[in-house]
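Please treat every number below as a calculation from the coordinates, not as lab data. Small disclaimer: the values here were computed from a predicted structure and weren't measured. Heads up, the Cβs are rebuilt from the backbone with ideal geometry, glycines too, and the neighbour counts pull from every protein chain shown.
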Amino acid sequence: MEDQLQLEQRVKELHKLLNEYGHAYYVLDKPLVPDSEYDARMRELIDLEERHPDLIMPDSPTQRVGGEVLPGFTKVVHDTPMLSLSNVFNEEDIREFDRRVRADAGDVTYVCELKIDGLAISLKYENGRFKQGATRGDGTVGEDITTNLRTIRAIPLKLSEDVTIEARGEAYMPKKSFMKLNEHREEEGLDVFANPRNAAAGSLRQLDPKIAAKRNLSVFMYGIGGEGAAYGLDAHSEALDYLDRLGFRTNPERRRCQDIDEVIAYIESWQDRRQDLSYEIDGIVIKVDSFSRQEDLGFTAKSPRWATAYKFPAEEVVT
Ligand SMILES: NC(=O)c1cc2c(N)ncc(C(N)=O)c2s1
């Protein structure tokens, strides 16, 4: 008869190990141990929980893939709207955006980020634990896809601090996973997905989380819902670093730019390099960094006036 206390101790140790290994592998893309070691520890935890179901905790790494198939998705009203971005298409538009920003807010610095071609999501945590995940929907009302988002290993079930926060970002399917998925679908005589964004959206709209779990989705988180100032943050770049510290996956290619010339140089540097990325991007997001400058600028009916998205010219499809 194994000692109950020793069992609980070992389960806690395995949670800690698997969360550390998982964070390093799925969030930082820097594995700490070979896959064989990760799998062996996961196997040990699954066996322990099968023999002692009383030891199964809701945030155990084994509990990412829920059992039940949902009858449908319930609606979620976002605490603050998930707005869309205005678009710019060339250098003249970008300079005009900068002129308008400086007319109302004076000299500003910007943050440039890769615009991930996936679907926007909202993740809510209470006291550091993942509680609810939703799609953007129409910006005001989205769908509760918590059970599907729990299967994405780049989404932490428990944060490094017991904070109550909403993180916003993009769920996406890596290019390699997209190619493999379409090969399988072709072999099975199923319709193929037109692009990774549709494949990611289709995967997260599955009512059976076991299907979403097999689609190898990932995320990049890029904002905090509500007032960043509530967390003692003065700028978007600080919010991104805070999301990192909490355990979220953020995109490492972000760049703070002192002026619009640096923004334009950054955009030009990605014009051709984007095909080297393991995920699709459809542009570059440009944001005024300071939250107080953002407040000076405010919003139009549907978009922030302190941000815009430069869209790459559509790639000519080689037929
Ligand atoms: N619609 C939006 O507000 C955004 C959409 C996206 C996107 N698809 N990818 C990256 C960012 C970002 N890093 O801010 C944003 S922001």
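Only Lys, Arg, Asp and Glu carry charge here, each on its Cβ (+1 for the first two, -1 for the last two); on that basis the range 72-189 has a dipole of about 440 debye about its Cα centre. For the range 271-304, the residues whose backbone nitrogen is under 20 Å from a point 7 Å from the Cα of Asp35, taken along Cα to Cβ, are 278-279. Using 0.36 nm per residue and subtracting the Cα-Cα separation, the extra length available between Gln132 and Thr109 on full extension is 4.9 nm. Take every pair of alpha-carbon atoms less than 8 Å apart whose residues are at least six positions apart; their mean separation over the length of the chain yields a relative contact order of 24 percent.
Descending by average beta-carbon neighbour count within 10 Å, the peptides 234-240, 118-124, 156-162 line up as 118-124, 234-240, 156-162, the highest first.
Only helices enter the 222 nm calculation for the chain: every DSSP H run of n ≥ 4 contributes -39,500 (n - 2.57), and dividing by all residues gives -11000 deg cm²/dmol, rounded to 500. Ranked by the mean number of other Cβ atoms within 10 Å per residue, highest first, peptides 274-287, 188-201 order as 274-287, 188-201. Positive end of the dipole of the chain, charges at C-beta (+1 Lys, Arg; -1 Asp, Glu), about the Cα centre: which of Val141, Leu243, Thr151 has its Cα farthest in that direction? Value: Val141. Projecting the Cα positions of Met57, Tyr172, Pro196 onto the charge dipole of the chain (unit charges on Cβ atoms of Lys, Arg, Asp and Glu, taken about the Cα centre) puts Met57 furthest along the positive direction.
Only Lys, Arg, Asp and Glu carry charge here, each on its Cβ (+1 for the first two, -1 for the last two); on that basis the chain has a dipole of about 380 debye about its Cα centre. Mean sequence separation of contacting Cα pairs (under 8 Å, at least six apart), scaled by the length of the range 80-176, corresponds to a relative contact order of 31 percent. The Cα center of the range 15-80 and the Cα center of the range 156-219 differ in position by 16 Å. Put in line by how crowded their Cβ is, counting other Cβ atoms within 10 Å and starting with the fewest, Val263, Val77, Val88 read Val77, Val88, Val263. Relative contact order, whole percent, for the range 1-123 stands at 17, derived from Cα pairs under 8 Å and 6 or more residues apart. Under the convention that each Lys and Arg Cβ holds +1 and each Asp and Glu Cβ holds -1, the size of the dipole of the range 1-107 around its Cα centre is about 240 debye. In this simple spin-label model, placing a label point 7 Å from the Cα along the Cα-to-Cβ direction at both Gln271 and Leu190 gives a separation of 3.9 nm.
Net length available on complete extension from Gln63 to Ile46 is 5.2 nm, with 0.36 nm assigned per residue and the Cα-Cα distance removed. For the range 110-266, the square roots of the Cα gyration tensor eigenvalues, ordered a ≥ b ≥ c, give a/c of at least 1.5 with a/b no greater than b/c, which places it in the oblate category.
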